[in-house]
Amino acid sequence: MTYCVGLLLDAGMVLLSDTRTNAGLDNISTYRKMFTFEEPGERVVVILTAGSLSVTQTTIARLEDAIADDSADAPPSILSAESMLQVAEIVGGTLSSVAASIASKMSAGSENASASMIVAGQRKGGAMRLFLIYPEGNFIEATTDTPFLQIGEHKYGKPILDRVVRPETTLSDAQKAVLLSMDSTLRSNLSVGMPLDLAVIERDACKVTYHRRIEAQDEAFQAMSNAWSQALRDSFQKIEI
């Protein structure tokens, strides 16, 4: 399993994913779950993935093939789409097609061929948009009322986002929020693991303006985790019943 989260804010977007893939207690591997497609200054699309690795890898491969295909009958490409809505439709259609194809080759009771994705980005002159793509290919969009979306093992990291994330949240505070959301998930679910990929897209930059790979031994992340744990313990002791 995995955990991915995306925030849509007035100042830009913040995205975070882990890299753990779990196919049983004795079969744990590391695979990237964040994929970036961009023409700096013109458009940027970042996709986060969760679920069946065969489905997500095949979907990303097909999206990459479509970008590289310059033939007259080339399939729609996420880097040639006229809007982020069309990008979401292309990703959703590709994901649904891949999932159905893989599921048809699998016998009953075998591995679940299901996956979901978060699609974030902006086209020059357009609005920043953030979508959650379901396994069936349909999707929902982040709004000012709900400025974040999650996929994978999301329940442990949701409370802090509910309490602190607002559209006006700064990009600096947003990075802190998603990292602490991930820290809570890492502590409570073994199917989510390091390293982490963090990306920031500033409004109207149309490119990833900051990317950071956070390894298990990252001192800054460990210091943040320890400080958060201590702050929770201190606050707990101060509350009276």
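No value in this document is a laboratory result; all are computed from the given coordinates. Since we're looking at a predicted model, the values are computed, not measured. Because the Cβ atoms are built from the backbone with ideal geometry, glycine has one as well, and the counts that use them run over all protein chains shown.
Which one, Met34, Met128, Met106, has the greatest fluctuation when you compute a Gaussian network model over the chain with C-alpha springs under 10 angstrom? Of Met34, Met128, Met106, the Gaussian network model singles out Met106 as fluctuating most. What separates the Cα centres of region 209-241 and region 59-103 is a distance of 39 Å. Applying Stokes-Einstein at 20 °C and 1.002 mPa s to the Kirkwood radius of the chain, computed over alpha-carbon pairs, gives a translational diffusion coefficient of 115 µm² s⁻¹. Taking Ala142, Ala223, Ala99 in turn, the Gaussian network model of the chain (Cα-Cα springs below 10 Å) assigns the largest fluctuation to Ala223. With loop membership from DSSP and a limit of 10 other Cβ atoms within 10 Å, the longest segment of the chain without GluC sites (Glu not before Pro) is 83-214. Going from the residue with the fewest nearby Cβ atoms within 10 Å to the one with the most, Lys155, Lys105 rank Lys105, Lys155.
With the simple spin-label model, which puts each label point 7 Å out from Cα in the Cβ direction, the Ser54 to Glu39 separation comes to 3.5 nm.
Between Phe35, Phe139, Phe148, the Gaussian network model of the chain with springs among Cα atoms under 10 angstrom shows the greatest mean-square fluctuation at Phe35.
When each of Cys4, Cys206 is scored by the number of other beta-carbon atoms lying within 10 Å, the sequence from fewest to most is Cys206, Cys4. Averaging the sequence gap over all C-alpha pairs within less than 8 Å and six or more residues apart, then dividing by the number of residues, gives region 3-235 a relative contact order of 29 percent.
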